[in-house]
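Since the structure comes first, as structure tokens, the remarks are kept for the end.
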Amino acid sequence: MAEHSFPPLKNDLLLRAARGETVERPPIWVMRQAGRYLPEYHEAKGGRDFFDCCRSPEIASTLTLQPIERFGGLIDAAIIFSDILVIPQAMGMTVEMVDKKGPHFPEPLQTPQDKQYNEIMERHVDVAKELDYVYKAITLTRKKLDGRVPLFGFTGAPWTLLCYMVEGGGTKMFKQVKTWIYKYPEATKALLQKISELCVEYLALQVKAGAQIIQVFDSWAGELSPSSFKKFSLPYLAYIAKHLPLRLKELGLEQVPMVVFPKGAWYALDACADLGYQVISMDWLHDPAEAVKIIGDRPVVLQGNADPGVLYGSHESITELVTEMVKGFGWAERKKGWIVNLGHGITPFVNPDDLKFFFQEIHRLTKTD
């Protein structure tokens, strides 16, 4: 039994859809829905550092709830306000959030001969202790949500976390991580395995704290060739999909739907459909109708996949894109297998009213009489 008791869920549409059930309309949420495009986000954040907000359960829960309150009745899930880089922090690495630049590791991993690499590989990471603030934020948020919508927990995927740990931040070149996979493949795989094990425990404890569905963000998957993806991403995504349900069972917890998001790795859709995730999130490089064909009769739900850039466009453009998605995902015929989302997170400077219009158009164009 979970040790927390939460209010009953009033809107379970997203969880039903994620399990592959036929539903009355496609559920909607969007990545980065709690973020800097919202004026109330900046008010609540104040002058605090980004990671300080993540570490304060009260602030993290306030930020998580902002889009639910603003777009009440239009969206069907909340996602906990946190960051994928809390795992490298738990592993003992320093990560700072640099204004207008993004995350920065002052001391990235250089080579497997490094003292730091060996320290990380040998360190026992107590995920329960190190990331306790995330679990507290989840529990508090679940209570504050009062059953309005389900709550997502998440982690970065091992490959994506490795990219940050060796590059030291965002990059266009991926020089360091390519050096690692082509020069030190075995040491790379050992580190990816360690990260995978931590991800499983981290996600299991998020479920224990109150997360009702989880997503694995492989944001840099598209930097790998198909053959490298099979070696350095796929096995670790598979490890999480296999071991998280086992760990939940050990903890006496109910199973939750699992979503995988291999951004940019369009060639991997077929392989990802066999990993054991209930949902695959797609970026905007996929053609929905093609994706539906590739999945075939496998019990996998697709999530996505509007180009976030459409939110800078006219309302006519938004309507056109929503119409194309509804048709492409075969909504009218299938009435299942689709969770509406963007193909990645909301980008800065989006007008919240334009996002609201996107939500309204989804409702309008998918409602059944």
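The values are calculated or read from the model by the stated rules, or taken from the named source; none is laboratory data. Predicted model, so just to flag it, every value in this text is computed and none were measured. Neighbour counts are summed over all protein chains in view; Cβ atoms, including those assigned to glycine, are modelled from backbone coordinates with ideal geometry. With ligands, DNA and RNA removed, areas are computed over all heavy atoms of the protein, side chains included. Shrake-Rupley method; radii C 1.70, N 1.55, O 1.52, S 1.80 Å.
Paramagnetic label reach from LYS178 (point 7 Å along Cα→Cβ; backbone nitrogen cut-off under 13 Å): within the stretch 220-236, residues 223-225.
Rounded to the nearest 20 debye, the dipole magnitude of the chain is 360 debye, with +1 charges on Lys and Arg beta carbons, -1 on Asp and Glu beta carbons, and the Cα centre as origin. Kirkwood Rh over Cα pairs of the stretch 39-161 into Stokes-Einstein at 10 °C, 1.306 mPa s: D in µm²/s? Rounded to a whole number, D works out at 99 µm²/s.
Can you give me the C-alpha center-to-center distance between the stretch 111-152 and the stretch 156-192, rounded to a whole angstrom? The stretch 111-152 and the stretch 156-192 have Cα centres separated by 21 Å. Placing TYR236, TYR184 in order of accessible area, with the largest value first and a 1.4 Å probe, yields TYR184, TYR236.
Under a Gaussian network description of the chain, with springs only between Cα atoms under 10 Å, the residue in ASP83, ASP218, ASP283 that fluctuates furthest is ASP83. Can you figure out the FRET efficiency of ASN351 with ASP297, using R₀ = 35 Å and their beta-carbon distance, to the nearest 0.05? Here the calculated transfer efficiency is 0.30.
Close amide H contacts of GLN215 (hydrogens built in the peptide plane, cut-off under 5 Å, sequence separation of 5 or more or a different chain): GLY153, PHE154, THR155, VAL259.
Express the relative contact order of the chain as a whole percentage, based on alpha carbon pairs under 8 Å and six or more residues apart in sequence.
Averaging sequence separation for qualifying contacts and normalising by length gives 22 percent for the chain.
Of the residues PRO257, ALA289, VAL301, the one whose Cα sits farthest towards the positive end of the charge dipole of the stretch 210-369 is PRO257 (charges of +1 on Lys and Arg Cβ, -1 on Asp and Glu Cβ, taken about the Cα centre). Taking each residue as 0.36 nm, the span from ASP274 to GLU324 lengthens on full extension beyond its C-alpha to C-alpha distance by 15.3 nm. In Å², and per residue, what accessible area does the chain have when probed at 1.4 Å with the other protein chains present? Normalised by residue count, the accessible surface of the chain is 42 Å². As a fraction of the 1.4 Å probe accessible area of the chain, surface on carbon and sulfur atoms comes out at 52 percent.
With charges set only on the Cβ (+1 for Lys and Arg, -1 for Asp and Glu), what does the dipole of the stretch 281-369 come to about its Cα centre, in debye to the nearest 20?
420 debye
About its Cα centre, what dipole magnitude does the stretch 1-158 give when the only charges are +1 on Lys and Arg Cβ and -1 on Asp and Glu Cβ, stated in debye to the nearest 20? Using only the charged Cβ atoms, the result is roughly 480 debye. Segment LYS189..LEU253, full-extension length gain: 20.0 nm, with 0.36 nm per residue of separation and the alpha-carbon distance subtracted. Mean residue ellipticity at 222 nm, helices only, the chain: -14000 deg cm²/dmol; runs of at least 4 DSSP H residues each add -39,500 (n - 2.57), and the sum is divided by the number of residues.
The alpha-carbon of LYS175 sits under 29 angstrom from the alpha-carbons of these lysines, leaving out residues fewer than 8 places away in its chain: LYS100, LYS101, LYS115, LYS183, LYS189, LYS194, LYS230, LYS231, LYS263.
For the stretch 8-24, backbone phi angles converted through the Karplus equation (6.51, -1.76, 1.60; θ = phi - 60°) give residue-by-residue couplings of x, 7, 8, 10, 9, 3, 5, 5, 5, 5, 5, 7, x, 6, 6, 10, 6 Hz, Gly and Pro being listed as x.
Beta carbons within 10 angstrom, averaged per residue: use that to sort the peptides 185-192, 43-50, highest first.
Sorting 185-192, 43-50 by mean packing, highest first, produces 185-192, 43-50.
Note down the nm distance, to one decimal, between modelled labels 7 Å out along Cα→Cβ at GLU96 and at TYR312. Distance between the two pseudo-spin positions: 2.9 nm. Pairs of lysines in the stretch 282-369 whose Cα atoms sit within less than 15 Å of one another amount to 7, provided the residues are eight or more positions apart or on different chains.
Could you tell me which residue out of GLN116, THR155, THR139 lies farthest along the dipole of the stretch 95-170 toward its positive end? Charges go on the beta carbon: Lys and Arg +1, Asp and Glu -1, centred on the Cα centre. The residue sitting most towards the positive pole is THR139. With the cut-off at 1.5 for a/c, could you classify the chain from its C-alpha gyration tensor as rounded, prolate or oblate? Taking the square roots of the gyration eigenvalues as a ≥ b ≥ c, the chain is rounded.
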